[in-house]
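Have a look at the structure below before the remarks.
Every read-out reported here was derived from the displayed coordinates using simple, explicitly stated rules and does not represent laboratory data. The structure displayed is predicted, hence computed values, not measured ones. Virtual Cβ from ideal backbone geometry, glycine too; neighbours counted across all protein chains shown.
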Amino acid sequence: MKKKGIGIISLILIIIIAIVAGIKIKQNHDENAVQEIQPVKVSSKTVPTFFFHGWGSSWHAEDTMAQAIKRAGATNTIVRVNVNKKGHARLIGKIKKNAKNPLVEVNFSDNKLTNSQYNGQYANAYDSTGARYVKNAIDLVRNKYHYSKINIVAHSMGNLEVASYIKLNAGKKNFPQIDHLVAMAGHYDGIIGICGWGGISLNAAANDPRIKATAAITMYDMPHVGAWGYFDKGTADERYQNKKQIAEQRTKEYGTGKFAKAGGCCFEYPAR
């Protein structure tokens with residue numbers, strides 16, 4: 001009798017364990033399952049989408065997205081606009097009458113706004129130059145093909161240039177209707193550590209106990225890029241020379257008591 005009771009209890013326990021294990025396996029499967037992507041019907045319009053790249057970048061950064069959109073069948077046309085350091089815009093390619101959701105890759109020769117810095121204060125450069133670069137690129141395409149509506153996709157510094165363009169031109173008669181605006185790694189109030197500066201923010205938070213909370217939204221590690229260059233193209237010797245130059249600059253600043261401003265710094269250093 002005892003053996004029979006023990007056998008029944010064991011059987012019940014095995015069944016319970018099997019049920020629990022089955023539920024757990026199903027939960028793990030549901031959690032790890034790849035969600036099925038439903039195809040979305042994209043309307044065929046002749047509204048162009050302009051891509052604006054970030055600091056130190058070029059149209060190459062936009063081309064991966066553009067080509068993926070084309071492979072997905074959402075567009076059949078990709079053209080490029082080059083804007084030189086004087087602001088002159090030149091169209092490369094042609095948008096045909098049957099173009100579906102044409103994409104415009106904008107390339108700025110002055111991709112760091114180095115020609116229009118005011119003692120390192122980039123804010124003035126965005127209004128004085130960045131906005132003009134954006135306007136010239138958009139106007140070139142609109143004047144040629146008579147678009148009244150546009151879409152904009154901007155990354156990092158491109159967002160600041162686009163924001164300045166909108167701020168300075170929104171009230172004007174010929175300003176286009178912006179149907180959609182996509183801002184990737186935009187520099188907006190209330191977020192600490194945008195784009196490449198995210199790594200710098202994290203380093204500051206790790207070394208300063210006064211910082212209680214940090215949010216970093218970044219597409220690359222700026223300190224790493226500063227040391228090795230984009231895509232680790234820098235050499236060990238270039239890294240050494242860079243550190244040597246920084247050390248010499250620190251020595252000079254310590255001796256004179258005057259601190260040079262880096263790109264994007266608009267405030268006195270050290271902060272007061």
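Starting from the amide H of ILE152, placed 1.01 Å from N in the peptide plane, find each other amide H under 5 Å away whose residue is 5 or more places distant or on another chain.
Counting only residues 5 or more places away or on other chains, the set is PHE50, HIS180, LEU181, VAL182.
Which whole-Hz ³J(HN,Hα) couplings does the stretch 169-175 yield from phi under the Karplus relation 6.51 cos²θ - 1.76 cosθ + 1.60, θ = phi - 60°, glycine and proline marked x?
Coupling constants for the stretch 169-175: 10, 4, x, 7, 4, 8, 5 Hz.
Can you give the FRET efficiency for HIS146 and HIS60, using 1/(1 + (r/R0)^6), R0 = 30 Å, r = Cβ-Cβ distance, to the nearest 0.05?
The computed FRET efficiency comes out at 0.55.
Starting at the first residue of the stretch 239-244, write each ³J(HN,Hα) from the Karplus equation 6.51 cos²θ - 1.76 cosθ + 1.60 with θ = phi - 60°, in whole Hz, x for Gly and Pro.
5, 5, 5, 5, 5, 5
What is the spin-label model distance, in nm, from GLN67 to ASP237 if the labels are put 7 Å beyond Cα along the C-beta direction?
My value for the distance between the label points is 3.3 nm.
When ranked by the protection proxy of mean other Cβ atoms within 10 Å per residue, highest first, what sequence do the peptides 141-147, 237-243 form?
Averaged packing, sorted descending, gives the order 141-147, 237-243.
Starting from the 7 Å offset along Cα-to-Cβ, what nm value, one decimal, do you get for the label separation of ALA74 and VAL182?
Going by the 7 Å Cα→Cβ label model, 0.5 nm.
Could you list, in their original order, any pairs among LYS85/LYS233; LYS167/LYS258; LYS94/LYS233 whose Cα atoms are separated by more than 29 Å?
Long pairs (Cα-Cα over 29 Å): LYS167/LYS258; LYS94/LYS233.
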